[in-house]
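Asks: Structure provided below as C-alpha cells; questions to follow.
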Amino acid sequence: MSKFNKKATVLIHGGVDGDERTGAVNVPIYQTSTYKQVHLGQHKGYEYSRTGNPTREALEKLIAELEHGRFGFAFASGMAATTAVLTLFKTGDKILISKNVYGGTFRVLANVYNQFGITYEIVDTNHLEDLEGALTDEVKAVFIESPANPLMTVTDIEAVANVVHEKGKLLIVDNTFMTPYLQRPIDLGADIVVHSATKYLGGHSDLIAGLAVVKDKDIADRLYYIQNATGGILQPFDAFLLIRGIKTLGVRMDKHQENAIYVANWLKHHADVKKVYFPGLGTDPGYNTQKKQADGPGAMISFELKDEFDIKKFFDRLELIALAESLGGVESLVCHPSSMTHASIPEDIRHAVGITDNLIRLSIGIEDKEDIVSDIEKAIAAAK
Ligand SMILES: *Cc1c(COP(=O)(O)O)cnc(C)c1O
C-alpha cells in the first residue's frame with residue numbers, strides 16, 4: 001500500500017520517491033549489469049541486473065501501488081509480461097480468452113504455447129452462462145481485456161471474477177487501455193493485471209515495456225522466478241522513462257478523454273459514419289458497466305464508414321493523425337485493425353467477432369480537439 005491514497009499523488013510520489021542518498025527528486029538510472037559484493041556470499045541486496053535493479057524495482061513498486069496489488073514486475077514489452085504470466089501454466093492447462101483479445105496475446109497462445117500443450121478457447125465474457133459452461137477442469141485461468149480492442153467491448157470485470165473464483169480459477173486482466181488511473185481490476189477481483197506500458201503508461205511513443213501486478217504472494221514468487229529465469233526484463237533507462245511517463249499520466253489521461261468524448265460525439269452525428277464504438281457514448285452497450293467499474297471511457301474509439309467508402313483514400317488524406325500501430329501516446333494515431341493490429345487473427349475468426357474491413361481505430365491524442373476533428377472530416381470527404 002502507498003503512504004498516499006489519492007491516485008494523482010501516487011502517480012508522482014508512489015513506489016520509490018526520489019533518491020535517499022542524494023536527495024535527487026528522481027530515481028537514478030542504475031545503468032549497471034552487476035554489483036560488487038562485500039564478502040564472499042554477502043551483497044547489498046543486488047547481485048546482477050536480470051535478478052534485480054534499483055531503477056526497475058522503483059517502477060515495479062510504483063505499478064503495484066497504482067494497481068492496488070502487492071507485487072509488480074517490469075518486462076521488456078507487454079508481450080514479455082503476458083508471456084511470463086502464461087508461463088505460470090503447464091501442459092494440459094487451458095486458458096480462456098475473451099473475444100477481441102489483443103492480437104499478440106491470441107498469437108502467442110495459438111502459435112507458441114500450443115507447442116507446449118497449453119490450449120486456449122475464445123469465450124464471450126459478456127455471456128456469463130457461456131463462461132460458466134466453458135470453465136471445465138483443465139481450465140486454469142481466464143484472460144480478459146476491458147474495453148477490448150478494437151470494438152471497445154466492455155466486460156463486467158467483477159461479475160466475471162465472481163464466476164471465475166467460484167470455480168477456483170484465476171482471472172488475468174490486460175489493463176492497457178484503461179491504466180490504473182481509470183480502472184483498477186484487482187479491486188474488482190482480478191488476480192493478475194498485465195500492461196503494455198508502451199501505450200498510455202509510457203505515453204510518449206518512445207519505449208516498449210510491459211508490466212504485471214499480482215496480489216497473491218505464491219503467484220508473485222513464481223512469477224519472480226520466471227522473470228529471472230527467462231530474463232525478459234525491462235532495462236534501467238526504459239524503467240526511468242516509464243516512471244517519468246507515469247508522473248503525467250493523470251493530466252494526459254484527462255485530456256485524452258476530454259478530446260475522445262468530443263470526437264466520438266462528432267463522429268456519432270456524422271452522416272457518413274455507420275457505427276461508432278466508444279463506451280463513453282450513452283448509446284454504447286458497454287456504457288453502464290464502464291461507468292460502474294472505471295473512472296472514464298478512455299480515449300480509444302473505433303468507427304465504421306459506410307460500405308461504399310474507399311478506406312484507402314481515408315488513410316491517405318489524413319495529415320495530422322498518423323497511420324501507425326500502437327496507441328496511447330500524446331499524438332493521435334489511426335490504424336486499420338483488420339490489416340494491422342488484428343491481422344494475426346485468421347480472417348474467419350476476425351469477421352465472426354466483428355472486425356470488418358471498414359473498421360477504423362483511433363487513439364485520440366492530446367492535440368487541439370478541433371484540429372483532430374477537422375483532420376478526420378477532410379479524410380472522410382476524400383474517401384467519399
Ligand atoms: C500493445 C498491446 C499489447 C502488447 O504490448 P507490447 O508492448 O507491444 O508488447 C498487449 N495488450 C494490449 C491491449 C496492447 O494494446
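The values are calculated or read from the model by the stated rules, or taken from the named source; none is laboratory data. Keep in mind it's a predicted model, so treat the numbers as computed, not measured. Cβ: placed from backbone, ideal geometry, glycine included. Neighbour counts: every protein chain shown.
Asks: Does the stretch 121-130 contain at least one residue that is crowded, with 22+ Cβ neighbours inside 10 Å, closer than 24 Å to Leu211 by Cα and in contact with a strand residue (DSSP E or B) (Cβ under 7 Å, 6 or more places away or on another chain)?
Replies: Yes: one or more hits.
Rundown of residues vs (1) in contact with a strand residue (DSSP E or B) (Cβ under 7 Å, 6 or more places away or on another chain); (2) under 18 Å from Ala197 (Cα atoms), yes/no style:
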site: Ala148; (1), (2): yes, yes
site: Thr155; (1), (2): yes, no
site: Val160; (1), (2): yes, no
site: Glu166; (1), (2): no, no
site: Leu170; (1), (2): yes, no
site: Pro180; (1), (2): no, yes
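Asks: Does Lys384 meet the test of being over 24 Å from the mean Cα position of the chain (by Cα) and either closer than 20 Å to Val108 by Cα or modelled with pLDDT under 95 (or both)? Even if it seems obvious, please write down each step before you answer.
Replies: Working: over 24 Å from the mean Cα position of the chain (by Cα): yes; either closer than 20 Å to Val108 by Cα or modelled with pLDDT under 95 (or both): yes.
The answer is yes for Lys384.
Asks: For the stretch 127-159: of the residues being within 15 Å of Asn175 (Cα to Cα) and outside any loop (DSSP other than H, G, I, E, B), which is farthest from the ligand (Cβ to nearest atom)? Explain how you work it out, then say what you get.
Replies: We begin by selecting, within the stretch 127-159, every residue within 15 Å of Asn175 (Cα to Cα); these are 142-150, 152-158.
In the following step, the residues that additionally are outside any loop (DSSP other than H, G, I, E, B) were identified as 142-145, 148, 153, 157-158.
Working: Val142: 16, Phe143: 10, Ile144: 11, Glu145: 6, Ala148: 8, Thr153: 12, Ile157: 15, Glu158: 20 Å.
Top of the filtered list is Glu158.
Asks: For Gly52, only one of the following conditions fails: (1) over 27 Å from Gln183 (Cβ atoms); (2) part of a helix (DSSP H, G or I). What is its number?
Replies: Checking Gly52 against (1) over 27 Å from Gln183 (Cβ atoms); (2) part of a helix (DSSP H, G or I), the one that fails is (2).
Asks: Okay, moving on. Within the stretch 75-99, track down each residue that is touching a Gly at 6+ places or on another chain (Cβ under 8 Å) and either within 12 Å of the ligand (Cβ to nearest atom) or in a helix (DSSP H, G or I) (or both).
Replies: Selection gives Phe75, Ala76, Ser77, Gly78, Met79, Ala80, Ala81, Thr82, Thr83, Ala84.
Asks: Check Ser205, Ser146 and return the single one that is among the hydroxyl-bearing types (Ser, Thr, Tyr), within 11 Å of the chain's Cα centre (by Cα) and closer than 20 Å to Ala81 by Cβ. Step through it out loud before you land on a result.
Replies: On the way: Ser205 fails: within 11 Å of the chain's Cα centre (by Cα).
None of the other options fit; the residue is Ser146.
Asks: Let me ask another. Inside the stretch 226-247, can you point out the residues that are surrounded by fewer than 22 Cβ atoms within 10 Å (Cβ to Cβ) and farther than 22 Å from Tyr200 by Cβ?
Replies: Passing the criteria: Ile226, Asn228, Ala229, Thr230, Gly231.
Asks: Checking Ile345 against (1) away from the ligand (no atom under 14 Å from the Cβ); (2) surrounded by 14 or more Cβ atoms within 10 Å (Cβ to Cβ); (3) of a type in the set (A, V, I, L, M), only one condition comes out false. Which one?
Replies: With (1) away from the ligand (no atom under 14 Å from the Cβ); (2) surrounded by 14 or more Cβ atoms within 10 Å (Cβ to Cβ); (3) of a type in the set (A, V, I, L, M) applied to Ile345, the lone miss is (1).
Asks: Quick check: is even one residue across the stretch 165-173 away from the ligand (no atom under 11 Å from the Cβ), assigned to a loop (DSSP other than H, G, I, E, B) and under 17 Å from His127 (Cα atoms)? Break it down stepwise before answering.
Replies: Pass one, the stretch 165-173, residues away from the ligand (no atom under 11 Å from the Cβ): 165-172.
Remaining after also requiring assigned to a loop (DSSP other than H, G, I, E, B): 167-169.
Keeping just the survivors that are under 17 Å from His127 (Cα atoms) gives 167.
There is at least one residue in the stretch 165-173 that is away from the ligand (no atom under 11 Å from the Cβ), assigned to a loop (DSSP other than H, G, I, E, B) and under 17 Å from His127 (Cα atoms).
Asks: Counting just the residues of the stretch 133-147 that are in contact (Cβ under 8 Å) with a residue 40 or more places away in the chain and surrounded by fewer than 24 Cβ atoms within 10 Å (Cβ to Cβ), which one comes out nearest to Gly245 (Cα to Cα)?
Replies: Ala141
Asks: Let me spell it out: the conditions are (1) within 12 Å of the ligand (Cβ to nearest atom); (2) within 22 Å of Leu182 (Cα to Cα), and Glu325 meets all of them except one. Which number is the exception?
Replies: It is condition (2) that Glu325 fails.
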